[in-house]
Amino acid sequence: MTNEFVSIGLTNPKSTSNVGSVMRAAGNYQVDQVLYSGSRYDRAAKMSTDTKKASSSIPLINITSLDVDSLVDAVGEGTKIVCVDLIQGATPLPRFEHPEKALYIFGPEDGTIDQKTVDKADYVVFVPTVGCMNLAASVNVLLYDRLAKSSRAVAGDELISQSKDVNNNVKVR
């Protein structure tokens, strides 16, 4: 995937901790932007779980500021729409091949993606778990799966050195 552009779309998120954790995942997995719909998040407090301050380098955009009606309308041409939720008939994530340019849409913490959005999707996938994960956990698993299936998955000590906390000086001997 050489021309990657990855967007995360959150459907009316309500939890600042989940959005903050999504932003941290977005930074860790090099997401280009995070979009969200609805007004619940705007009424909430600052993102206390975005400890890496990913929101300073990755746009977190309420789609109402883009003057569009839906998350689907907020991305450019050629972007594939991928709904990620526990939806009957969806493809299990381990069998899914990620498109280069994708908007991954996730449902709200207390609901699901609406049928109109699912009908517009190019793909609908689910993480095959027993029970449902929270929003941030789902985003992390999806982004890890994308990384694991890409050429960027090959990494080594240089990446570890750049990524680790300053208090981590342990080595494999």
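The values are calculated or read from the model by the stated rules, or taken from the named source; none is laboratory data. Quick caveat, the model's predicted, so the values are computed rather than measured. We place every Cβ from the backbone using ideal geometry, glycine too, and count neighbours over all the protein chains shown. Side chains are part of the model used for accessible areas, which takes the heavy atoms of the whole protein and leaves out ligands, DNA and RNA. Shrake-Rupley method; radii C 1.70, N 1.55, O 1.52, S 1.80 Å.
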Would region 124-134 turn up any residue that is modelled with pLDDT under 95, aliphatic (A, V, I, L, M) and closer than 21 Å to Val31 by Cβ?
yes
Checking the condition at pLDDT below 95 and either in contact with a Leu (Cβ under 7 Å, 6 or more places away or on another chain) or under 17 Å from Val6 (Cα atoms) (or both), which residue from Ser57, Ser17 passes?
Ser57
Which condition number does Cys132 fail, the rest of (1) in a strand (DSSP E or B); (2) more than 18 Å from Gln33 (Cα to Cα) being met?
(1)
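Take Thr117 and tell me if it is more than 22 Å from Tyr41 (Cβ to Cβ) and open to solvent by less than 80 Å² (accessible area, probe 1.4 Å).
no
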In region 85-105, residues that are surrounded by fewer than 19 Cβ atoms within 10 Å (Cβ to Cβ) and β-branched (Val, Ile, Thr) total 2
Any chance you could count how many residues in region 124-173 are touching a strand residue (DSSP E or B) at 6+ places or on another chain (Cβ under 7 Å) and either free of Cβ contacts under 8 Å to residues at least 24 places away in the same chain or surrounded by fewer than 13 Cβ atoms within 10 Å (Cβ to Cβ) (or both)?
1
Condition met for Pro108 (surrounded by 14 or more Cβ atoms within 10 Å (Cβ to Cβ), touching a helix residue (DSSP H, G or I) at 6+ places or on another chain (Cβ under 9 Å) and either at pLDDT 95 or above or within 25 Å of Gln33 (Cβ to Cβ) (or both)):
yes
